[in-house]
């Protein structure tokens, strides 16, 4: 079991900036992901992470205070990657209609965290434990704002409607992840989320 903590925690001791440092943190993140995805939580400690990453524990501690800091850094990075993917998709392809736009957004939401849903569950739980719940919604709110700015298919929504839309989409996906629901892989689940997206952006 992962230790619960409500105290704020610094993600990085040393922020990776050089290519070697970035590569080292990638090794740490991938080792952590493998342990979590394979449901080896009993082995989830810094020694196991360092061993699987091919690093010394001392090297790991140069970057992260403890395993909780690794989880939080991973969660924030994955949420940032989802935002970037949607922004890039908007720039690289012109969407033909609202349904296509909604499908793109929903696909990226469902495929986030590289499709590793067990790992995703534990990373979300880590954010919740550390009172960082709002960070689950901020990326999608930023994404929606970007869509309204960049896409001619949808009109800008009021802040209230944007808030409800973001929480409806993210909340549904988050609930399925936390429940480890089979709905995540069902076409109907995706189709209903696309309909939800289209409902909010429909012309009044």
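A few comments on the model shown:
- Against the chain, whose longest principal axis is taken from its Cα atoms, helix 98-111 shows a tilt of about 10°.
- Burial order of peptide ranges 85-97, 50-62 (average beta-carbon count within 10 Å, highest first): 50-62, 85-97
- Angle of helix 67-92 to the longest C-alpha principal axis of the chain, folded into 0 to 90 degrees and rounded to 10: 30°.
- The relative contact order of the chain comes to 23 percent, based on Cα pairs under 8 Å that sit 6 or more residues apart.
- Protection proxy ranking for 140-149, 65-74, using the average of other Cβ atoms within 10 Å per residue and placing the highest first: 65-74, 140-149.
- Relative to the longest principal axis of the Cα atoms of the chain, helix 187-201 runs at roughly 60 degrees.
- Candidate values [x] 1, 7, 15, 18, 18, 14, 11, 9, 5, 2, 0, 0; [y] 1, 7, 16, 19, 20, 16, 11, 7, 2, 0; [z] 1, 5, 10, 12, 12, 11, 11, 9, 9, 8, 6, 3, 1, 0, label of the one derived for P(r) over Cα pairs in 5 Å bins from 0, in percent: [x]
Rule-based calculations on the coordinates, nothing more; no lab input. Owing to the predicted nature of the structure, the values given are computational and were not obtained by experimental measurement. With ideal geometry, Cβ positions are generated from the backbone for all residues, glycine too; neighbour counts draw on all protein chains shown.
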